[in-house]
1. Report Rg/Rh for the stretch 94-191, rounded to two decimals, where Rg is the Cα radius of gyration and Rh the Kirkwood radius.
2. In Å and from the alpha-carbon atoms only, list the Rg and Dmax of the chain.
3. Taking a ≥ b ≥ c as the square roots of the Cα gyration tensor eigenvalues, with a/c under 1.5 meaning rounded and otherwise prolate when a/b beats b/c, else oblate, which class fits the stretch 23-76?
4. Please enumerate, by chain and number, the lysines with C-alpha under 25 Å from the C-alpha of K38, excluding those fewer than 8 residues away in the same chain.
5. Between helix 47-59 and the chain, what is the angle of the helix's C-alpha long axis to the longest principal axis, kept within 0 to 90° and rounded to the nearest 10?
6. Considering only protein heavy atoms, what per residue accessible area in square angstrom results for the chain with a 1.4 angstrom probe?
7. Using the Cβ atoms and a cut-off under 11 Å, what net charge is assigned to the surroundings of A122, where Lys and Arg are +1 and Asp and Glu are -1?
8. Any idea how far the Cα center of the stretch 151-171 sits from the one of the stretch 129-147, in Å?
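The values are calculated or read from the model by the stated rules, or taken from the named source; none is laboratory data. Keep in mind that what you see is a predicted model, and the values were worked out from it rather than measured. No Cβ is skipped: glycine too gets one built from the backbone with ideal geometry, and neighbour counts run over all protein chains shown. Just so you know, the surface numbers come from the protein's heavy atoms only, side chains and all, with ligands and any DNA or RNA stripped out. Shrake-Rupley method; radii C 1.70, N 1.55, O 1.52, S 1.80 Å.
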Amino acid sequence: MLNPDSPIPLYHQLADIISEQIRRGVFRSGDRIPSENKLAQSYAIGRPTVRQAVDMLVRKRMLTRKRGSGTYVRKADEEVDLFSLVGTMTSFHKKGLSTTTRILRKIRLSKVARKEKENPFAGGRAFHFERLTKVQGEPVLIETMYLHPELFQGIDEMDLKGKSLSEIVSGQYYMRPTGGKQTFRIAYLTEKRAEFLGVTPGTPILLVKRFLHFAQAENGLFSEIFCRTDQFVFSQTIGGLTDA
């Protein structure tokens, strides 16, 4: 239920509840969600608050409105656009796939070694954590995250298990990526990471290094994503090409 005493706005809380219901399969791709009137009655809030929550999920492409019919869970694309700026977990959720996460390294403010030359926080400090993501019960990703120590103050006090980092960035810190860069290469895992992903240390793994920029700071978030490519076809949408 909604908590009127929480600092999180009621429409954010309702949007989170509907999002969670979609992830758990209460509402599946193509299902119609309850009307604004029914949601307002169920949660004892006004229709404008419900409309704000629905509008948020429409903007996030989780819901779609059909004139004269209602609001529906948006049908997923055929491929998982893992490398978009919306984040990894959100990409699977948009496909209607259930995910679970396990925190492998608890988030804390850490010193980043200077030898990690590609890491924009090398020689400084950053919030750092690592998690394993399972999709439909199968291990698919290990993500190692580094977050700007000033932009993300307080994130070490949040429970990140099962939560989309992109939604935390937008919902709790009111920020959205303004751009970024990604690199792709083949890598091999340590024995421990290989065990978590259910592969052998000699198995080639796709390694994606992601640099995200925000209006407040460039390289506000850096991540290394180790991906099993035998489970899903990962894609990346690009814009049109011109002879500039």
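1. Numbers: Rg = 14.5 Å, Rh = 15.1 Å.
Rounded to two decimals, Rg over Rh is 0.96.
2. Rg and Dmax of the chain, Cα atoms, are 19.1, 59 Å.
3. prolate
4. K60, K66, K75, K94
5. Orientation of helix 47-59: about 40 degrees from the principal axis.
6. Details: 13600 Å² over 244 residues.
Normalised by residue count, the accessible surface of the chain is 56 Å².
7. +3
8. Between the Cα centre of the stretch 151-171 and that of the stretch 129-147, the gap is 15 Å.
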